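What follows is one structure encoded as structure tokens, with my remarks underneath.
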Amino acid sequence: GEFIHPNDALKAIKQFVEDHQLDTRRTAKSRAAVTEDRPAPPKAKSDLDYWNRMANIVPEKTVRIWTALERQMLKYNQIVEDRATLISHTATLRRQNDELKALLNQYLSSRINDELNIPPTALIYGGSGAKR
């Protein structure tokens, strides 16, 4: 587009408003001339007929199908949300399990266990393991 210099902006806006008002007046006059040529239908009756047709534009069977579909989609959505929650919970449990395994291995491989009368590994793997 063509840019207007900031000093000319006010003049351009005034001209635009005047042109727009002139166009609006011309359009209103031409509509009035067309309306005078033909009789207007009774508005209340035609509006009532129009809205009655619009109220029944979708067949009742289709509305029932859409309602059933919506109900089932809401159930499916709830199942998917529950599943997402369970997956997140499972991931948390797996992470905790890995941390506990690492701690257990660290405790079992500690040198202090060799100095005990009954090392924990002896109890876990069976056997007395008591030092004599």
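The values are calculated or read from the model by the stated rules, or taken from the named source; none is laboratory data. Worth saying up front: this structure is predicted, and the values here are computed from it rather than measured. Because the Cβ atoms are built from the backbone with ideal geometry, glycine has one as well, and the counts that use them run over all protein chains shown. Side chains included, ligands, DNA and RNA excluded: accessible areas come from the protein's heavy atoms. Shrake-Rupley method; radii C 1.70, N 1.55, O 1.52, S 1.80 Å.
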Accessible area expressed per residue, segment 45-84, with surrounding protein chains retained (probe 1.4 Å, Å²): 96
Cα→Cβ-extended label distance, 7 Å offset, between Asn105 and Glu81, nm: 4.0
Length gained if Trp66 through His89 is fully extended, taking 0.36 nm per residue and subtracting the Cα-Cα distance, is 4.8 nm
From highest to lowest solvent-accessible area (probe 1.4 Å; ligands, DNA and RNA excluded), Glu2, Glu60 read Glu2, Glu60
Gain in length, Gln21 to Asp8, computed as 0.36 nm per residue apart minus the alpha-carbon separation, to one decimal in nm? 2.6 nm
